[in-house]
Protein chains: 4
Amino acid sequence: MYPKLIQELIEDFTHFPGIGPRQAARFVFYLLKEDKMRVQNLAEKIKRLHEEIGFCKQCFASVTLGEGKLQMLCRSCADAKRDSRVIMVVEKEADLQNIEKTHSFNGMYHVLNGVISPLDSSGPAKLHIKELLMRVKNLLAEKKQVEMILATNPTTEGDTTALYLERTFSPLKIKITRLGRGLTTGSELEYSDPETIKNAFINRR
Amino acid sequence: MYPKLIQELIEDFTHFPGIGPRQAARFVFYLLKEDKMRVQNLAEKIKRLHEEIGFCKQCFASVTLGEGKLQMLCRSCADAKRDSRVIMVVEKEADLQNIEKTHSFNGMYHVLNGVISPLDSSGPAKLHIKELLMRVKNLLAEKKQVEMILATNPTTEGDTTALYLERTFSPLKIKITRLGRGLTTGSELEYSDPETIKNAFINRR
Amino acid sequence: MYPKLIQELIEDFTHFPGIGPRQAARFVFYLLKEDKMRVQNLAEKIKRLHEEIGFCKQCFASVTLGEGKLQMLCRSCADAKRDSRVIMVVEKEADLQNIEKTHSFNGMYHVLNGVISPLDSSGPAKLHIKELLMRVKNLLAEKKQVEMILATNPTTEGDTTALYLERTFSPLKIKITRLGRGLTTGSELEYSDPETIKNAFINRR
Amino acid sequence: MYPKLIQELIEDFTHFPGIGPRQAARFVFYLLKEDKMRVQNLAEKIKRLHEEIGFCKQCFASVTLGEGKLQMLCRSCADAKRDSRVIMVVEKEADLQNIEKTHSFNGMYHVLNGVISPLDSSGPAKLHIKELLMRVKNLLAEKKQVEMILATNPTTEGDTTALYLERTFSPLKIKITRLGRGLTTGSELEYSDPETIKNAFINRR
């Protein structure tokens, strides 16, 4: 049996995504071997996390809070050179970051902060959908041509969420698109599922 | 050391795609345990393989040879209800079979029987490209509108091959398309490579 | 759909241990690409398998049949320099081969040709246990000091089989041993199961 | 690009054993989603780690520091019912914990806190070997019969370390044993390496 504090930390780390008890224990002993200053420095940062980080009031990407914890705009929302009429709707910020890496999109984002599971009816309320609705309506009020790109994952939850959004926003008569399905780089036709092949065929260019 | 015949068979089976010595040995002992009649029956079929199976004279998919080993047309090439003006070019027959499963394509196929590796200059000659060229020219001679769909794998070899075909056939001024790239069902944006995301963005619908 | 003969061969290959339909198809196309002579040569060998290979009348390892399909003794059983009083009992011949690779055992073998599953009561009858009993009794008749090493796998089936053999042979008052349990090369204490550690502790040297 | 604090935390988490940038990012967003109190609580514990946890002055397992950060004895070292003459030498505390789970060892431990890599000559100095030497000498001074069980992993590093310890302690004429090698539960003879089989044969019982 480990000392109490170590046991508690192991328990805490097992709540980290994808971490089992063994790796959690390894984390604690890594910290014990690390330089004390560095570890306390890490603790400091973790402590400051909720105090210094907030979410963009427009797209809900993470941002450093301003003076007096003022909700700020994130980099892309504040960037005048980006096309505010094209909104890429993503499940989580990691998707946004990965899309940015491609440097092929110059519009803006909206982080739903989750997905709707087919089973969970209360789902939609948890996501930033009302805010998205408001955001789109404001653009329309400014007589802007809006395109909403549904960039949820091509998974059951992602598709359910996209479907829900399509239904919710169709009354607004805006252009709603979804990321194209097809063959991923490196994949093989022999092992591709029918739906993917069908989409690759439809999306041939 | 196994008896000579067993050793030889193990050696032979190690040449089967993806089979190492251990599994090869397991194959031999599986055959030794199997009913003698069934094993000799299997041997019979393997013996007949080269004698009874040939390749479609038009698309090079496998076919049962006719009387006097006559080269025949495969099922899809012989099917009048299929659109002979749309040719899906695939690397190997397994791809063709998997595409057929989707029931979303009603054109015809052309099996290249391999790919061009970026390193291997002699590559093209090994593939059924001359025959494809002839096939397309015949269609054009009949004043037909031809579409050639390059359905090689989205891999380095597959792309090299597609590129080579595009160059070879562009003088013919036919419609040349490629299977659409994008997100595969079940994949996640967070882990998708830039190229795939870029394509998914371009192919959004 | 593939031609009938190809379909049948794919079906046959899916009965090979560890082979699914896709790899089975790859096998057939590998054979179709292979040189005709080599393939028919392979078929020949498969055909001869049941005719030319038998099993050692003493230990049931595979042997090349002699004139008139005479049951012969295998290499190790025929080897006068090996100690016939020490019998290593293995589940299958592949185990025997792997043990021989170590060059650390100079006794003889007995291939059970399977295991007893805890659920399958009819199991023992299928294995070469009667023959083993006879073999041991003959040695005892010659006033020989016999050691029987149970080299079944350290799995549930293997242990069940070993237990059954211990019970069956204990009346003969011979020395019965089992392969030692402990840490395998490359394994890690942190991930080893309690039983293995316990055995490693007991077997410390 | 994430806000600076998030970037820094991602960077920090990538130093955790077995964590890449993607999972590190997931950790940060997990913390952002978590309840603020729980997160700051975690930070608190991490901060206290180096202040409250020390290492047993005898065996170097982790212990809660006493008043005035006094070095204490760990549970097993303080346990009078355990046999202080048998010392199980392990690479790290996780091994000790896993061995304890077996409830088959009633001696004491010594945590080396690492291994000697064959390449790294400075290695030994980093490990708690001097302390082990002192510990053994004290036991011998008390005219005690000492057994030292080398429980390093059966890996190249572990074996190198064990070899080094054997050389270092042989002059003391104490009983030095190593955990037994053999078949691990669930493993298969067909796939076992020669050394393991050889040891299983030698350790047969």
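Quick one: would you say D:GLN71 is over 30 Å from A:CYS77 (Cβ atoms) and outside the structural domain of D:LEU132 (by TED's automatic domain parsing)?
Taking the combined requirement at face value, the residue satisfies it.
For residues that are more than 7 Å from chain A (Cβ to nearest Cβ) and farther than 24 Å from A:THR155 by Cβ, tally how many sit in the stretch B:155-204.
21
When you scan the stretch B:55-128 for helices (runs of 4 or more DSSP H) that lie fully inside it, which ones turn up with 2 or more residues that are charged (D, E, K, R)?
Counting at least 2 such residues, we get B:93-100.
Mind telling me which of the residues C:LYS198, C:LYS126, C:LYS101 ends up being in contact with a helix residue (DSSP H, G or I) (Cβ under 9 Å, 6 or more places away or on another chain) and of a type in the set (D, E, K, R)?
Result: C:LYS101 is the single residue among C:LYS198, C:LYS126, C:LYS101 that is in contact with a helix residue (DSSP H, G or I) (Cβ under 9 Å, 6 or more places away or on another chain) and of a type in the set (D, E, K, R).
Determine, yes or no, whether B:LYS69 is in contact (Cβ under 8 Å) with a residue 12 or more places away in the chain, on the phi > 0 side of the Ramachandran plot and surrounded by fewer than 20 Cβ atoms within 10 Å (Cβ to Cβ).
yes
Condition test on C:MET134, is it among the hydrophobic types (A, V, I, L, M, F, W, C) and buried (at least 16 other Cβ atoms within 10 Å of the Cβ)?
Spelling it out, it is not the case that C:MET134 is among the hydrophobic types (A, V, I, L, M, F, W, C) and buried (at least 16 other Cβ atoms within 10 Å of the Cβ).
Of (1) assigned by TED's automatic domain parsing to the domain that holds C:LEU165; (2) without any contact (Cβ under 8 Å) to a residue 60 or more places away in the chain, C:ILE87 satisfies all except one. Which?
(2)
If you scan the stretch C:190-202, which residues turn out to be surrounded by 24 or more Cβ atoms within 10 Å (Cβ to Cβ) and in a helix (DSSP H, G or I)?
Answer for the stretch C:190-202, where residues must be surrounded by 24 or more Cβ atoms within 10 Å (Cβ to Cβ) and in a helix (DSSP H, G or I): C:THR196, C:ILE197, C:ASN199, C:ALA200.
Would you call A:CYS77 more than 10 Å from chain D (Cβ to nearest Cβ), touching a residue at least 40 places away in the same chain (Cβ under 8 Å) and either of a type outside the set (Lys, Arg) or surrounded by fewer than 18 Cβ atoms within 10 Å (Cβ to Cβ) (or both)?
no
Pull up the stretch B:173-189, narrow it to residues that are assigned to a loop (DSSP other than H, G, I, E, B) and among the hydroxyl-bearing types (Ser, Thr, Tyr), then point me to the one that is farthest from B:GLU91 (Cα to Cα).
The extreme case among them is B:SER187.
Name the residues in the stretch B:162-190 that are charged (D, E, K, R) and on the phi < 0 side of the Ramachandran plot, would you?
The answer is B:GLU166, B:ARG167, B:LYS175, B:ARG178, B:ARG181, B:GLU188, B:GLU190.
Checking B:HIS128 against (1) more than 14 Å from chain A (Cβ to nearest Cβ); (2) in contact with an Asp or Glu (Cβ under 8 Å, 6 or more places away or on another chain), which single condition isn't satisfied?
Checking B:HIS128 against (1) more than 14 Å from chain A (Cβ to nearest Cβ); (2) in contact with an Asp or Glu (Cβ under 8 Å, 6 or more places away or on another chain), the one that fails is (2).
Quick one: would you say B:MET108 is within 14 Å of the chain's Cα centre (by Cα) and under 27 Å from C:ALA24 (Cα atoms)?
yes
Give the residues of the stretch B:17-34 that are charged (D, E, K, R) and either farther than 21 Å from C:ALA94 by Cβ or assigned to a helix (DSSP H, G or I) (or both), sorted by residue number.
Across the stretch B:17-34, the qualifying residues are B:ARG22, B:ARG26, B:LYS33.
Out of everything in the stretch D:1-17 that is under 27 Å from the mean Cα position of the chain (by Cα) and either surrounded by 18 or more Cβ atoms within 10 Å (Cβ to Cβ) or at the interface with another protein chain (Cβ under 7 Å from one of its Cβ atoms) (or both), what residue ends up being farthest from A:CYS56 (Cα to Cα)?
Ranking the candidates gives D:PRO17 first.
Of the numbered conditions (1) surrounded by 13 or more Cβ atoms within 10 Å (Cβ to Cβ); (2) at pLDDT 95 or above; (3) over 15 Å from the mean Cα position of the chain (by Cα), D:ALA141 fails exactly one; give the number of that condition.
Failed condition: (1).
Collect the residues in the stretch B:160-175 that are modelled with pLDDT under 95 and among the charged types (D, E, K, R), keeping them in residue-number order.
B:LYS173
Is there a residue in the stretch A:18-39 that is more than 11 Å from chain D (Cβ to nearest Cβ), at pLDDT below 95 and surrounded by 13 or more Cβ atoms within 10 Å (Cβ to Cβ)?
Scanning the stretch A:18-39 turns up no residue that is more than 11 Å from chain D (Cβ to nearest Cβ), at pLDDT below 95 and surrounded by 13 or more Cβ atoms within 10 Å (Cβ to Cβ).
For D:LEU49, are the conditions met, namely being facing chain A (nearest Cβ under 8 Å), in a helix (DSSP H, G or I) and out of contact with any strand residue (DSSP E or B) (no Cβ under 8 Å at 6 or more places or on another chain)?
Spelling it out, D:LEU49 is indeed facing chain A (nearest Cβ under 8 Å), in a helix (DSSP H, G or I) and out of contact with any strand residue (DSSP E or B) (no Cβ under 8 Å at 6 or more places or on another chain).
Residue under question is B:LYS57, and the condition is that it be basic (Lys, Arg) and touching a Cys at 6+ places or on another chain (Cβ under 9 Å); does it hold?
yes
I need the full set of residues from the stretch C:151-166 which are charged (D, E, K, R) and within 20 Å of D:ARG181 (Cα to Cα), in order please.
Correct list: C:ASP159 only.
Out of the residues in the stretch A:52-74 that are closer than 16 Å to A:LEU127 by Cα and polar (S, T, N, Q), state the one that is farthest from the other protein chains (Cβ to nearest Cβ).
Applying the filter and picking the extreme gives A:GLN58.
Anything in the stretch B:1-15 that is under 15 Å from C:ASN41 (Cβ atoms) and touching a Lys or Arg at 6+ places or on another chain (Cβ under 8 Å)? List them, or say none.
B:LEU5, B:GLU8, B:LEU9, B:ASP12, listed by residue number.
Are any of the residues in the stretch C:130-139 part of a helix (DSSP H, G or I), under 28 Å from B:PHE27 (Cα atoms) and either hydroxyl-bearing (Ser, Thr, Tyr) or in contact (Cβ under 8 Å) with a residue 60 or more places away in the chain (or both)?
Yes - at least one qualifying residue is present in the stretch C:130-139.
Does the stretch A:85-92 include one or more residues that are farther than 20 Å from A:SER62 by Cβ and exposed (fewer than 13 other Cβ atoms within 10 Å of the Cβ)?
No, because not a single residue in the stretch A:85-92 is farther than 20 Å from A:SER62 by Cβ and exposed (fewer than 13 other Cβ atoms within 10 Å of the Cβ).
In the set B:THR152, B:THR168, B:THR161, which member is touching a residue at least 60 places away in the same chain (Cβ under 8 Å), part of a helix (DSSP H, G or I) and not aromatic (Phe, Trp, Tyr)?
B:THR161
Tell me, yes or no, whether the stretch B:107-126 has at least one residue that is touching a residue at least 12 places away in the same chain (Cβ under 8 Å) and among the acidic types (Asp, Glu).
For the stretch B:107-126, residues touching a residue at least 12 places away in the same chain (Cβ under 8 Å) and among the acidic types (Asp, Glu): absent.
Suppose the filter is in the same structural domain as C:LYS144 (by TED's automatic domain parsing) and modelled with pLDDT of 95 or more; does C:VAL111 pass it?
yes
The values are calculated or read from the model by the stated rules, or taken from the named source; none is laboratory data. Source: prediction; values computed, not measured. Note that each Cβ is placed from the backbone with ideal geometry, even for glycine, and that neighbours are counted across all protein chains shown.
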